[in-house]
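Below is one structure, written out as C-alpha cells; the observations come after it.
The values are calculated or read from the model by the stated rules, or taken from the named source; none is laboratory data. Worth saying up front: this structure is predicted, and the values here are computed from it rather than measured. Heads up, the Cβs are rebuilt from the backbone with ideal geometry, glycines too, and the neighbour counts pull from every protein chain shown.
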Amino acid sequence: MTLASQPASHGAATVTDPVRVMVVDDSVVIRGLIGRWIDADPALAVVATHRNGQLAVDDIERSNPDVVVLDIEMPVMDGMTALPLMLAKRRDLVVVMASTLTRRNAEISLKALSLGAQEYVPKPESSANVTTSVDFRRDLIDKVKSLGMRKRDRAAGIRRPMRAETAAGAAAAPAAARAATRPTGHTATFTLRPYASVKPRVLAIGSSTGGPQALQALFRDIGSSLREVPVLVTQHMPPTFTAILAEHISKAAMCPAAEATDGVLLKPGHIYVAPGGKHMVVEKTAAGVVARLNEDPPVNFCRPAVDPLFDSVAKAYGSATLAIVLTGMGSDGANGARAIAASGGSIIAQDEKSSVVWGMPGAAAHTGQCSDVLALSEIGPKITRILGGRR
C-alpha cells in the first residue's frame, strides 16, 4: 500500500497501521524496486522516495516515516551527511543503511551505526543483481518490518507474545530449572538455571541486529578480564564487514581480535570472529581446541550462524562454557543454548529493554536454559565476576 501521495497524519500511529517507510537512493531503478517490495507487504507502506539526502531531510517532518532506507553514496547530500540531520528532526526515527559491499562502504556503515543508524543491508553490486537477489529482498524487508514494528510496540508499551515454538521450548524446560524463576528487568518472569560450578575456559557470543554496537560496548567492559579464555564471536554479517568488526572489537577490548582462520589454535586473551559467509565451529585436537570454518548450508537463514558455534563449544568445553546471546532478529542461538545447558555450561541472554530487537535473546531466554537475563550494561560486569571465579 503506497501512502506517498498522502500527507502524514502526525497523530500517534496505532500498532495496526502499516509501518511507514521512506526510501532514499540516487538510482531510480533501486527506488522503484525497493518501493514495490515494500508495498507488496501489507504490514509496510511507502510514504516517500527521494534521490538524495537533502530532499529526504527536507521531507522528514511532512512524510513522518517510521523507517528510512538510506543509501550512502548520493549527489547533493550523501547518506552520512543526511543521517544526523534526520535524527535531529526525529529522534525515534529508525534508519537502515543500504550500500554496496565494499570495504569503504562497510567502514561507513559501521560508523553510521555508531551515529544512530539501527541496521545496515549490503546491496548487490549492480542493479541487475539487486533485481534478482532473493537474499537481499528478504534481508531488507525483514529488517524494515521488524525494526518498524519494534518502534511502534515500544511507543505503545506493547510486548509481543512469543512464537509458539519458543513457548513450547520454555514449557519443555526440566523441572529442576523451572523451580528457579525470578522476574528480570521490566519484561517478564523467566525460568533460570544455576550457573555452572566450574570456572569457564571459553566465552562464546552470538548476535545479529544491533550487535555491532552491543559488542563494542560489551568488550569495552570486559577486555581486561579476557586474559585466561579465548573468545568466539558469531555476528550475522557479510564478508568484508566481519573483518572490520574484528578491528573495532580489538580497539574496544584492547586485546587481539581477528577473523578466525581454519585450524587456528585458540589462545586465551584472543578474540576470534566468524568470517562472513562461513560457519565457525570448534574442534578438539591433540594440540588443543582449534577453530574450523565451513560453508555448510545456512542455519536459520544465516551463515555464519550462532547455533553451530554453540553446539560445537558445548561438545569441546562442556560445563566450562559461558555463552552470551545478544540483540538480534530470529531465534538463532536458542537451540545452541539448549546444547550448552545440556552439557552443564552457562548462558546469559540480553534483556528486552536494552536490545535493539529481542528476537535471539528472547528465544534463548524462553528456553528456560539461561542462568541470567540481563541488561547490556550488566552483562559485562557479570562476565568479569564469573571469569574471576566469582558469581
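Determine which member of the set 318, 330, 277, 344 is outside any helix (DSSP H, G or I), assigned by TED's automatic domain parsing to the domain that holds residue 227, more than 19 Å from residue 208 (Cα to Cα) and not acidic (Asp, Glu).
Details: 318 fails: outside any helix (DSSP H, G or I); 330 fails: more than 19 Å from residue 208 (Cα to Cα); 277 fails: more than 19 Å from residue 208 (Cα to Cα).
The unique qualifying residue is 344.
Does residue 349 fit the bill of being assigned to a strand (DSSP E or B), in contact (Cβ under 8 Å) with a residue 24 or more places away in the chain, of a type outside the set (Lys, Arg) and farther than 19 Å from residue 154 by Cα?
Values: assigned to a strand (DSSP E or B): yes; in contact (Cβ under 8 Å) with a residue 24 or more places away in the chain: yes; of a type outside the set (Lys, Arg): yes; farther than 19 Å from residue 154 by Cα: yes.
Here the answer is yes, as residue 349 does meet what is asked.
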For the stretch 195-216, pairs from a residue that is closer than 26 Å to residue 356 by Cβ to a residue that is among the basic types (Lys, Arg) and surrounded by fewer than 24 Cβ atoms within 10 Å (Cβ to Cβ), with Cβ under 8 Å and 6 or more apart or across chains, are 209/143
Given the criteria out of contact with any helix residue (DSSP H, G or I) (no Cβ under 8 Å at 6 or more places or on another chain) and either at pLDDT 95 or above or more than 19 Å from residue 313 (Cβ to Cβ) (or both), does residue 194 qualify? yes
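If you take the residues in the stretch 28-45 that are outside any helix (DSSP H, G or I) and touching a Lys or Arg at 6+ places or on another chain (Cβ under 8 Å), which one is farthest from residue 148 (Cα to Cα)? Even if it seems obvious, please write down each step before you answer.
Looking only at the stretch 28-45, we keep the residues that are outside any helix (DSSP H, G or I), and these are 40-45.
Still in the running and touching a Lys or Arg at 6+ places or on another chain (Cβ under 8 Å): 41, 43-45.
Details: 41: 13, 43: 10, 44: 9, 45: 11 Å.
Of everything passing the filter in the stretch 28-45, 41 is farthest from residue 148 (Cα to Cα).
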Filtering the stretch 290-326 down to residues that are of a type in the set (Val, Ile, Thr) and either more than 17 Å from residue 203 (Cα to Cα) or touching a Lys or Arg at 6+ places or on another chain (Cβ under 6 Å) (or both) yields 299
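If you take the residues in the stretch 105-136 that are of a type in the set (D, E, K, R) and loosely packed, with under 15 Cβ neighbours inside 10 Å, which one is nearest to the chain's Cα centre (by Cα)? Give the steps one after another, and end with the answer.
From the stretch 105-136, those of a type in the set (D, E, K, R) are 107, 111, 119, 123, 125, 135; that's our starting set.
Filter again for loosely packed, with under 15 Cβ neighbours inside 10 Å, leaving 125, 135.
Numbers: 125: 23, 135: 17 Å.
Restricting to residues being of a type in the set (D, E, K, R) and loosely packed, with under 15 Cβ neighbours inside 10 Å, the top hit is 135.
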Per the list (1) crowded, with 24+ Cβ neighbours inside 10 Å; (2) in contact with a His (Cβ under 9 Å, 6 or more places away or on another chain), residue check on residue 299 breaks on (1)
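Regarding residue 242, is this residue under 16 Å from the mean Cα position of the chain (by Cα), assigned to a helix (DSSP H, G or I), modelled with pLDDT of 95 or more and of a type in the set (Ser, Thr, Tyr)? Before the answer, list the steps.
Details: under 16 Å from the mean Cα position of the chain (by Cα): yes; assigned to a helix (DSSP H, G or I): yes; modelled with pLDDT of 95 or more: yes; of a type in the set (Ser, Thr, Tyr): yes.
Answer is yes for this residue.
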Taking the stretch 325-353 and the residues there that are of a type in the set (A, V, I, L, M, F, W, C) and touching a Gly at 6+ places or on another chain (Cβ under 7 Å), the one that is surrounded by the fewest Cβ atoms within 10 Å (Cβ to Cβ) would be 329
